[in-house]
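Input: a single structure, listed below in structure tokens.
Coordinate-derived values only; no laboratory data. Values in this document were obtained by computation on a predicted structure and should not be read as measured data. Here the Cβ is made from the backbone with ideal geometry for all residues, glycine too, and neighbour counts use every protein chain on show.
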Amino acid sequence: MSSSPQYRRVLLKLSGEALASLESTGSGHKKFGIDPKMLEKLAQDILSVHQTGLEIALVVGGGNIYRGAQADAYPSTDRTSADHMGMLATTINGLALKSALEHYGMPVSLMSAMPIPNVCETFTRRKAVEALNKKHVLICVAGTGNPYFTTDSAAALRACELNCDLLLKATKVAGIYTADPNHHASAEFLPRLTYREVIERKLKVMDMTAITLAKENKIPIAVFSIYENNGFGKVLNKATQFTIIS
């Protein structure tokens, strides 16, 4: 697979839920845990892009294990503690991804926004850029390291810090629609949007902090389906359906 020469370094945002199931809908779809088959699929998709020489950073969520924003469901847990639990959940996912990528022979650097010295390095921009320059796949976990910020915001922040050419947001459907296409047959696909349109229409593809960060730093966002075979690489080659926000 040949990747587009317009990209040198990209950041892929994976939700925690994406790791939970190889199936996007139906009885086989799961929202919790880690599906070994999905890990293998993701590793193969990332490998095909890594082999082109493209520099790849990943930010992974933790919603398949614990989501801090759902703290209201646990009255005895305050939001800050819940968000820290969510950060630890992303670290579990990061370790699983690291092992899967290394199994396929890729060099990987795992960096956390909060210190976990016995598990991984603490993120600094200098170390992260060095890892990318060495063609390591960089996995960033623990969000921004601060409560009240989503992993989408963390993805936009890391994309800015690392001077990425493109931020890819992997979702359950192939791009952005006017409604959920899994539930609304009349949902209209939106192939291209501006940052302002996403903000004004309050489209929930990413939170507004993430969209604003990308807008201010002129980083385009590609929204695509994580379930398509080699969807990551196909987006880079414009060989599949996806939405571009710019």
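At-a-glance table
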quantity: Computed helical MRE - 222 nm, the chain, DSSP H runs ≥ 4 contributing -39500 (n - 2.57), nearest 500; calculated: -10000 deg cm²/dmol
quantity: Evaluated over the chain, the Cα radius of gyration and Dmax, each in Å; calculated: 16.9, 51
quantity: Which of CYS164, CYS120 has the fewest Cβ neighbours within 10 Å, and the rest in rising order; calculated: CYS120, CYS164
quantity: Cleavage-rule hits (trypsin sites (Lys or Arg not before Pro)) in region 133-173: DSSP loop, at most 14 neighbouring Cβ within 10 angstrom; calculated: LYS134, LYS135
quantity: Computed FRET value (nearest 0.05) for GLN51 with SER99, which takes r as the C-beta separation and R₀ as 22 Å; calculated: 0.70
quantity: Additional length obtainable on full extension of the chain from LYS238 to ASN217, 0.36 nm per residue less Cα span; calculated: 5.3 nm
quantity: Packing-based exposure ordering (other Cβ within 10 Å, fewest first) of LYS31, LYS98; calculated: LYS31, LYS98
quantity: Relative counts (whole %) of C-alpha pair distances in region 158-246, using bins that are 10 Å wide; calculated: 17, 51, 29, 3
quantity: Label-point gap, in nm, between LYS30 and GLU200 - each point 7 angstrom along Cα→Cβ; calculated: 4.4
quantity: Region 71-111-region 222-238 distance, computed between alpha-carbon centres (Å); calculated: 23
quantity: Packing-based exposure ordering (other Cβ within 10 Å, fewest first) of PHE189, PHE123; calculated: PHE189, PHE123
quantity: For the chain, share of DSSP beta bridges that run antiparallel, in % to the nearest 5; calculated: 15
quantity: Total charge dipole magnitude, the chain, about the Cα centre, Cβ charges on Lys, Arg, Asp, Glu only, Debye to nearest 20; calculated: 460
quantity: Phi-based couplings in Hz for region 138-150 (Karplus 6.51, -1.76, 1.60; Gly and Pro marked x); calculated: 9, 10, 9, 10, 6, x, 8, x, 10, x, 6, 10, 7
quantity: Given 16 as the ceiling on other Cβ atoms within 10 Å, longest exposed-site-free region of the chain for GluC sites (Glu not before Pro) in DSSP loops; calculated: 24-187
quantity: Label-point separation, ASN133 to GLU40 (7 Å along Cα→Cβ), nm; calculated: 3.8
